[in-house]
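So the structure is just underneath, and the comments pick up after that.
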Amino acid sequence: MSKGLTIFLLVGWLLQMTCEAQVIERCRQVRVQKEFFFLDSLTALPATLYVPALPALRLRYDMQTRKAQFLGDLPAQDSLLLCYKVLPTQLAQWAGKRDRRIIDTTDTYWLKLLEKIQQYTPPREQIADVLKDFQKSGSYVRGLALGNTQNVFVNSALNLQLEGKITDDITVTASISDQEVPYQPEGNTLQLQQIDQIFVRFSHKNGNITGGNIVLKHQENHFLKFYKNTQGALLETAYKVGKTNAQTFAGFAAARGKFYSATIQPVEGVQGPYRLRGANGELFIIILANSEKVFIDGQPLKRGAEYDYIIDYNLGEIIFNNQILITRFTRIRVDYEYAETNYNRSILTVGHAQSTKKWRVLSQIYREGDSKSNGIVPLSDSAKAELRTQVAGIGLVNGIENKGFDPNEVRYKRIDSTNLAGTFPQILVYSTQESVAIYRAFFTQVGKGQGDYVRERSTVNGQIYRWVQPINGIKQGDYAPLKAVPLPNSKQLWATTASYKLTENEQITADFALSQQRTNLFSTLPTATLSGWGLRVGYQNVGKAGKDSARYVGFGSLFAEYNQANFTPIDRFRSIEFDRDWNKNIDSSRLADRIMQAEIGMKNLKNGYLVYKINLRDRENQVRGWQQIGEVWHQTKRVILQGNAFFLQSAPDSSRAVWARWQASLTYKTRYIV
């Protein structure tokens, strides 16, 4: 052992002996109590406090105030003997060589400041304190799930509603819900996008500002119909301009989905599941919750296990309940929005309205479109050049890429084949040779007899495609080395509605709309842009309301409508059975449409109405005819008469269609039976 280490250990031992010699052990009788009591004028060592009669009894000691306190359940005795060890000094008292007041003449100021600093405790501001004047309601649920085939995990759900004033003029309404609040460390919901639903509205007497998960919907226009679940903001204001009332609104949002109206082919006696597809035939789509509208034979259905149907939004499948009869003649129509994430899609709508007692004018612009520069899948310059030559639908680009050899992926080599049938260059052949297997290929199903490749069964980690030689120039495969890329598109529509009141119950209206649809934003071809317009004018008499509710009053209307061939609405703006009532299947052909509608009838507010309608339509070579519709409903004290009649006569091309449909019912009600 070195000399320095020996001296160090000797000095430490001497210091320890000196400290132990200065520690003094004392015992005193103290009263048993819950409150703190003064123990000793010297500072005691907290670890040395104990009661010899009750060694398990715990105590607490504050070295600053030199006070002790009994912890836990107290014994029944009035007093106990408490032993402890003290230091030969008081650690909490001030110690210094000189009085501070001699050194600093501003000692009084600094002592008071130091006292204030020691007494000040900064308040912890909680969200409940900030919103103390708000009405708050909601719930926070946490559940524990475990099983013999899974790990233990925690599920949480948050549902919060707030309402209150932040100033005298501004009211805030908020609703926040999150069904999967993370529980693990650093798993908090840090971004607004991670919250399931957030809705905040600031209300003022002159307007509202709404943000979060909002619904953008149309105003009163015949051609412009839409209902979009979005994430964004909406501003609405109301004010006066001279003697007119004015309203202005503007909304900007990121679209959560894409609208599509699908016709499902039923199977006799099969309730489902029926798979919903995308606008371009996509098989695996996610339906946005609560966006679907389901119709059977033109009648709307209600979702729910106890009602008409259930739907799996993640799988995009719908199942009809047993009370719904499905036959091969059943007409199934579903309108829905589905998640479409190939491009960032935005929505913009701006509108303004002004009105007086006599007239009202509303103008609104709606635009919905993809951002071609912000696609989810990056596209090369050569791929974009190929897409510029395509018009609509799904774009097909070269699916062969030189990525080098990779033993973990399917790779192909290129060869040339020459035989009696001719020469076939650049054929892809599966290979595992590192020197030549350098091509990665994407294949797309293009239809039977349209491709040169077929799927090959194999045990390789990945799908292999095999080239098949054409026979007599006819291709024998159904796959081609092409990559399918959805084309970015946009739709916009400007609509204006004007109405003028002739009398209290009569008015004339006019609806005008301009539309533009770009089916491929990469393309500059004229056929990739469709522009059109629509016009509807008419007269309407709603009938004069009298004091006698049983008195019949007359009402009627007359409308004329023209849609140009390339006019494209945002969403479907006619009834679900409109085309079928004209003996026409739904089609996407672009033809000019001319429609005349007239209605006349009598009604009262108490027990009935009688209506007669006639509609004329000319859709170039598809539809040319007229409809007659009659409806009656009358109720007395016990008798209800209800009926409707429909008659169609149409003569498209050289054919002629006649369709008559009648329905009537007579109901007699008594106290016990109907």
Restricting attention to segment 69-86, the residues that are open to solvent by 10 Å² or more (accessible area, probe 1.4 Å) and in contact (Cβ under 8 Å) with a residue 60 or more places away in the chain number exactly 1
Subset of segment 592-621, residues among the hydrophobic types (A, V, I, L, M, F, W, C) and closer than 14 Å to residue 562 by Cβ, comes to 592, 595, 596, 616
Practice item. Report yes if residue 485 is under 20 Å from residue 403 (Cβ atoms), at pLDDT below 85 and crowded, with 18+ Cβ neighbours inside 10 Å, otherwise no. Key: yes
All conditions in (1) under 21 Å from residue 511 (Cα atoms); (2) among the aliphatic types (A, V, I, L, M); (3) free of Cβ contacts under 8 Å to residues at least 40 places away in the same chain are true of residue 598 except (3)
Over segment 557-579, the set of residues of a type in the set (Asp, Glu) and touching a residue at least 24 places away in the same chain (Cβ under 8 Å) is 561, 571, 577
Going through segment 62-78 in order, the residues found to be in contact with a Phe, Trp or Tyr (Cβ under 8 Å, 6 or more places away or on another chain) and closer than 15 Å to residue 33 by Cα are 67, 68, 69
Scanning segment 453-472 residue by residue, those touching a strand residue (DSSP E or B) at 6+ places or on another chain (Cβ under 9 Å) and open to solvent by 40 Å² or more (accessible area, probe 1.4 Å) turn out to be 455, 456, 457, 458, 460, 463, 466, 467, 469
Among the residues of segment 643-674, the number that are assigned to a loop (DSSP other than H, G, I, E, B) and closer than 22 Å to residue 581 by Cα is 6
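Yes/no per residue for (1) among the acidic types (Asp, Glu); (2) on the phi > 0 side of the Ramachandran plot; (3) at pLDDT 80 or above; (4) out of contact with any Leu (no Cβ under 7 Å at 6 or more places or on another chain):
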{"residue": "380", "(1), (2), (3), (4)": "no, no, no, yes"}
{"residue": "385", "(1), (2), (3), (4)": "no, no, yes, yes"}
{"residue": "388", "(1), (2), (3), (4)": "no, no, yes, yes"}
{"residue": "397", "(1), (2), (3), (4)": "no, no, yes, no"}
{"residue": "403", "(1), (2), (3), (4)": "no, no, yes, yes"}
{"residue": "408", "(1), (2), (3), (4)": "no, no, yes, yes"}
{"residue": "412", "(1), (2), (3), (4)": "no, no, yes, no"}
{"residue": "416", "(1), (2), (3), (4)": "yes, no, yes, yes"}
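Rundown of residues vs (1) of a type in the set (A, V, I, L, M, F, W, C); (2) outside any strand (DSSP E or B); (3) within 30 Å of residue 170 (Cα to Cα), yes/no style:
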site	(1), (2), (3)
209	yes, no, yes
214	yes, no, yes
225	no, yes, no
230	no, no, yes
233	yes, no, yes
249	yes, no, yes
259	yes, no, no
269	no, yes, no
Determine, yes or no, whether residue 617 is within 16 Å of residue 584 (Cα to Cα), in a strand (DSSP E or B) and open to solvent by 80 Å² or more (accessible area, probe 1.4 Å). no
Condition set open to solvent by 90 Å² or more (accessible area, probe 1.4 Å) and among the hydroxyl-bearing types (Ser, Thr, Tyr), scope segment 647-674, selection nearest to residue 626 (Cα to Cα): answer is 654
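Every residue, every condition in (1) aliphatic (A, V, I, L, M); (2) under 18 Å from residue 336 (Cβ atoms), yes or no:
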{"position": "241", "(1), (2)": "yes, no"}
{"position": "255", "(1), (2)": "yes, yes"}
{"position": "265", "(1), (2)": "no, yes"}
{"position": "268", "(1), (2)": "no, no"}
{"position": "292", "(1), (2)": "no, yes"}
{"position": "296", "(1), (2)": "yes, yes"}
{"position": "320", "(1), (2)": "no, yes"}
{"position": "323", "(1), (2)": "no, no"}
Restricting segment 538-595 to residues that are at pLDDT below 90 and acidic (Asp, Glu), the one least open to solvent (accessible area, probe 1.4 Å) turns out to be 571
When restricted to 256, 303, the only residue under 24 Å from residue 347 (Cβ atoms) and open to solvent by 60 Å² or more (accessible area, probe 1.4 Å) is 256
For strands (runs of 3 or more DSSP E) lying entirely in segment 379-446, having 2 or more residues that are within 19 Å of residue 477 (Cβ to Cβ) and over 42 Å from the mean Cα position of the chain (by Cα) picks out 412-419, 422-430
Quick count over segment 264-286, residues being of a type in the set (A, V, I, L, M), within 12 Å of residue 332 (Cα to Cα) and in contact with a Lys or Arg (Cβ under 9 Å, 6 or more places away or on another chain), is 2
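The values are calculated or read from the model by the stated rules, or taken from the named source; none is laboratory data. Keep in mind that this is a model prediction, so the values were computed, not measured. A quick note on method: Cβ atoms are made from the backbone with ideal geometry, for glycine too, and the neighbour counts reach across all protein chains shown. Ligands, DNA and RNA are excluded from the accessible area calculation, which covers all protein heavy atoms including side chains. Shrake-Rupley method; radii C 1.70, N 1.55, O 1.52, S 1.80 Å.
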